[in-house]
Amino acid sequence: MHHMIVGVVGAGAMGRGIAQVSAAAGHDVVLFDSNADAVTSGLDAISASLGRAAERGRITADAAAATVARISGVDAIERLAGAELVIEAIVERLDVKRSVFAQLEAVVGPDTILASNTSSLSIASIASAVQRRTRLIGLHFFNPVPAMALVEVVGTPYSADAVLERAKAWVAGIGKTAVVVRDSPGFLVNLAGRAYATEALAILQDGIASVEQIDRIATANLGFPLGPFELMDLTGLDINYTVTANLYEHNFGDPRLRSTWYHRYLFDAGLLGRKTGRGFHDYAGPDATAEQ
Ligand code: NAI
């Protein structure tokens with residue numbers, strides 16, 4: 001696949017990862033965020049991540065520098081005008097995503113593919129906000145983007161097969177595995193994997209085991225790389241809680257997808273996990289795991 005200009009909207013945890021893997025594959029990347037500080041910290045995080053990869057001998061220092069040089073941080077959405085593919089990774093809110101795609105459509109060319117990285121919103125519902133609905137699809141990456149092989153590619157009743165084919169080829173070109181999944185709440189991975197969180201939350205609510213015990217059993221005995229609470233803290237409860245609530249609502253209260261009051265309590269309290277220093281676990285101080 002030829003090298004393209006790839007636009008990324010949102011320079012948070014996911015957007016910076018998507019920018020990094022796109023640039024590492026040789027694409028020129030334009031990274032935009034409505035918060036200028038997020039662009040700066042995103043670029044810093046990308047440099048640091050590539051620097052670590054170079055130190056470990058996974059890539060050369062020249063390759064790391066060339067990848068960083070292919071990413072431009074910008075502070076206006078108009079700067080995405082030349083992009084052939086734009087991937088959105090902003091806040092998980094339908095109204096905000098709809099409005100960003102409507103703005104994007106006014107900026108990019110008619111054949112630019114527009115993709116959302118949403119975890120739980122309907123791609124068709126996002127597409128309904130744009131004029132050329134054939135070109136809007138889902139490209140759902142996983143966190144942390146450089147380490148995770150899979151990308152869910154999501155079409156809608158509006159999308160063109162040719163767009164999905166181009167998107168699949170692009171995903172393969174950045175060295176990821178594309179899996180075409182149906183536009184449905186949580187797609188495949190977040191639906192199938194939801195029980196890892198909801199069962200752990202139910203066990204905690206029932207008083208059967210503590211956060212620490214459940215995480216330790218999941219890692220030490222069951223072989224998961226992260227326990228369910230560590231994973232939710234890594235993802236961020238703003239994302240994780242919202243995704244869980246969306247799946248529950250969009251499946252009309254299917255009890256398999258039910259969360260607990262404590263999950264929402266942490267979310268409402270702004271205790272979002274690693275990004276705020278505290279969620280299910282406390283990351284703030286030396287006593288963070290004192291309860292163990
Ligand atoms: P984040 O909170 O780390 O980053 C979101 C960024 O979007 C922020 O920098 C914010 O300033 C920016 N933003 C918000 N509104 C904007 C707007 N109107 N225009 C431009 N920029 C705007 O969030 P994160 O975790 O990167 O998630 C982003 C998206 O990716 C969400 O849709 C989420 O569901 C999805 N996702 C998240 C995963 C995760 O594990 N965190 C995994 C897969 C998908």
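Rule-based calculations on the coordinates, nothing more; no lab input. Bear in mind that the values here come from a model prediction, so they are computed numbers and not experimental data. Ideal geometry is used to build each Cβ from the backbone, glycine not excepted, and the neighbour counts take in all protein chains shown.
What separates the Cα centres of the stretch 78-150 and the stretch 208-255 is a distance of 26 Å. Considering only DSSP beta bridges with both partners in the stretch 92-240, what is the antiparallel share in %, to the nearest 5? If I count the DSSP bridges inside the stretch 92-240, around 25 percent turn out antiparallel.
The Cα atoms of the chain cover 55, 47, 31 Å along the three principal axes, with the biggest extent listed first. Cross-link partners of K176 among lysines, defined as those whose alpha carbon lies under 23 angstrom from its own and excluding same-chain residues fewer than eight positions apart: K168. Ranked for footprinting exposure by Cβ neighbours inside 10 Å, fewest first, F224, F32, F252, F187 give F252, F224, F187, F32.
Using θ = phi - 60° in the Karplus curve 6.51 cos²θ - 1.76 cosθ + 1.60, the 3J(HN,Hα) couplings for the stretch 97-104 round to 5, 4, 5, 5, 5, 5, 5, 4 Hz; x is entered for Gly and Pro.
Ordering M14, M232 by the number of other Cβ atoms within 10 Å of each residue's own Cβ, fewest first, gives M14, M232. Looking at the stretch 5-181 only, what percent of DSSP beta bridges run antiparallel? Nearest 5 please. Percent antiparallel among DSSP bridges in the stretch 5-181 is about 10.
Residue-wise HN-Hα couplings along the stretch 227-243, as the Karplus relation 6.51 cos²θ - 1.76 cosθ + 1.60 with θ = phi - 60° gives them from phi, are x, x, 6, 4, 5, 5, 5, 6, 4, x, 5, 4, 7, 4, 5, 4, 4 Hz; Gly and Pro carry x. Taking amide H as placed 1.01 Å from N in the peptide plane, the amide H of S34 sits under 5 Å from that of G10, each at least 5 places away or on another chain. Residue-wise HN-Hα couplings along the stretch 60-71, as the Karplus relation 6.51 cos²θ - 1.76 cosθ + 1.60 with θ = phi - 60° gives them from phi, are 7, 4, 5, 5, 4, 5, 5, 5, 4, 5, 7, 9 Hz; Gly and Pro carry x.
The trypsin sites (Lys or Arg not before Pro) found in the stretch 159-243 that occupy coil by DSSP, while having at most 15 further C-beta atoms within 10 Å, are R182.
Counting each DSSP H run of 4 or more residues in the chain as -39500 (n - 2.57), what helix-only mean residue ellipticity at 222 nm follows after dividing by all residues, to the nearest 500 deg cm²/dmol?
Values: 12 runs with 126 residues, N = 292.
Rounded to the nearest 500, the figure is -13000 deg cm²/dmol.
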